[in-house]
Every structure is written in structure tokens, then in C-alpha cells.
Amino acid sequence: MPNILIVDDERPIADLVELYLKNENFTVYKFYNGTDARACMLSVPLDLAILDIMLPDVDGLTLCREIRQKFTFPIIMLTARDGELDQITGLTLGADDYITKPFRPLELVARVKAQLRRANHYNIQASKAEPELLCVRGLTMNVASHSCTLDERPLSLTPTEFEILRILCENLGRVVSSESLFMQVWKEKYYENCANTVMVHIRHLRAKLKDHAEHPKYIKTVWGVGYKIDE
């Protein structure tokens, strides 16, 4: 079963999340501080991490950044209800999703399952014999192996970033709306604030592609509509 890391210094919340995840037969590694969690993520093969932003020692944003330097498994951030800046920062650092406190444990479990399904999808794709290549001006995506190169240099992408870029490449020359991107990637109902989630991931992708919003080589913003990559 998948190995899930939980890091939250609010013990009742961490304990409750652990209980719900164990009821789904997940293997849970629970910590109340970032230092112990850091040691775990370097020694245990994890499939997903749930990180609270406010921790007594190493904050969740730092842990998120450190995870993304080495791993691509999904990350869900736990944020305060008014912590919009923290949410955007977490997504910028490579988090795949966030959920605000207080939250319903069943909603978090559903988010965990959705992220694991997405990650598992790439593992299945990697087992295909025939690779599917998407090539655009020095950018090459191998859908089967879930790998990407830019000018023949490896490009490290999270599963969410890879999926967004794949959809844009597969729709070369056509505009993909923020709503369509969100529903295809996150597989959840689209609300107005979801556009910010898409926008932050697009910004992070542009940074990795060394792309510029004003004069893009790859991802172009079509204001009021969505995003596209020109042929």
C-alpha cells in the first residue's frame, strides 16, 4: 500500500488524519515536526506527503522545496483559511494541491486518492512498450516514461506540471481554457478561484522552461480565455 507522510504540529489534527488514512489501508508516517519528517523522507520510499506550513522548526514550505529537489511524488499543503499567500507560495515551490484548515478529513482522503491515482497513471504509462513523444522547439516529452528534456537536458517536473504541459503540447496551436486544464488535471469541479491554482502552476512551468510571459517561446497566455503553445 502507498506510504503517506503526515507532518503537522497540531497533534489532534495529525492523529485524526492518520486514523482516516489507516482506515483506507494506507501506511502512515506521522510527525509533529519538520526535523523528524526530513529524516523520514530521506530513508522511506514515500508515495505522497501532507505538509502543514506552520511547524515549530522546519516549516512546511522549506520541506516542500527540499522534497522537490529530490522527488516527484505528490505534495498536499495544509494552510490557514486566510493564508492565500502561503497557498500560492506552496504551489510555486512544487506542491500539487492544498487544503485549508479547518477541513473535513474525508475531503483530505479524497484529495490524497486523487493525487495517488494521477501518480499511478504515470507509472502505468511508463510500462507501455511504444513511447509517445511530443516535441516542440527543443522541448521533448516522453509520455510513456513520464520524462521531459529541454534542449536535450533533463527537465524535472512534478506529475501535475507534466500533465499540464502534456495537455498544452497535445493541443498545439489551440487555446486550452483554465477551466478545461483544471478539470482534466485535478479532476474536480471548477470554481472561480481555481484559476489561481492553474496560474501558479503555469508560472512555475515557465520558470523551469526559462520562458517569459511577455515574450513566450512556449506557453502563451490568451487573456480571458486560457493558455496555448503555438505551432
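Residue count for the stretch 75-104, restricted to those that are under 22 Å from residue 185 (Cα atoms), modelled with pLDDT of 80 or more and not hydrophobic (A, V, I, L, M, F, W, C): 6. Look at the stretch 14-36: where a residue is touching a residue at least 60 places away in the same chain (Cβ under 8 Å) and a partner is crowded, with 18+ Cβ neighbours inside 10 Å and in a loop (DSSP other than H, G, I, E, B), sitting 6+ places away or on another chain with Cβ atoms under 6 Å, you get 26/2. Residue check: residue 31 meets all listed conditions (1) open to solvent by 60 Å² or more (accessible area, probe 1.4 Å); (2) over 17 Å from residue 115 (Cα atoms); (3) more than 21 Å from the chain's Cα centre (by Cα) but one, namely (1).
Is there a residue being free of Cβ contacts under 8 Å to residues at least 24 places away in the same chain, more than 26 Å from residue 110 (Cα to Cα), surrounded by fewer than 16 Cβ atoms within 10 Å (Cβ to Cβ) and touching a helix residue (DSSP H, G or I) at 6+ places or on another chain (Cβ under 8 Å) anywhere in the stretch 154-166? No; the residues of the stretch 154-166 include none that is free of Cβ contacts under 8 Å to residues at least 24 places away in the same chain, more than 26 Å from residue 110 (Cα to Cα), surrounded by fewer than 16 Cβ atoms within 10 Å (Cβ to Cβ) and touching a helix residue (DSSP H, G or I) at 6+ places or on another chain (Cβ under 8 Å). Considering 68, 11, the condition of being surrounded by fewer than 22 Cβ atoms within 10 Å (Cβ to Cβ), among the basic types (Lys, Arg) and within 19 Å of residue 115 (Cβ to Cβ) is satisfied by 68 alone. The criterion of being in a helix (DSSP H, G or I) and modelled with pLDDT of 90 or more holds for residue 108. For first residues located in the stretch 183-208 and under 13 Å from residue 158 (Cβ atoms), partners that are of a type in the set (D, E, K, R) and assigned to a helix (DSSP H, G or I) and lie 6+ apart or on another chain with Cβ distances below 7 Å form the pairs 185/163; 201/161; 204/161; 205/161.
The values are calculated or read from the model by the stated rules, or taken from the named source; none is laboratory data. Note that the coordinates shown come from a computational prediction; the quantities given were computed from them, not determined experimentally. Cβ coordinates were reconstructed from backbone atoms using ideal geometry, including for glycine residues, and neighbour counts include every protein chain displayed. The protein model used for the area step is the full one, side chains on, heavy atoms only, and it has no ligands, DNA or RNA in it. Shrake-Rupley method; radii C 1.70, N 1.55, O 1.52, S 1.80 Å.
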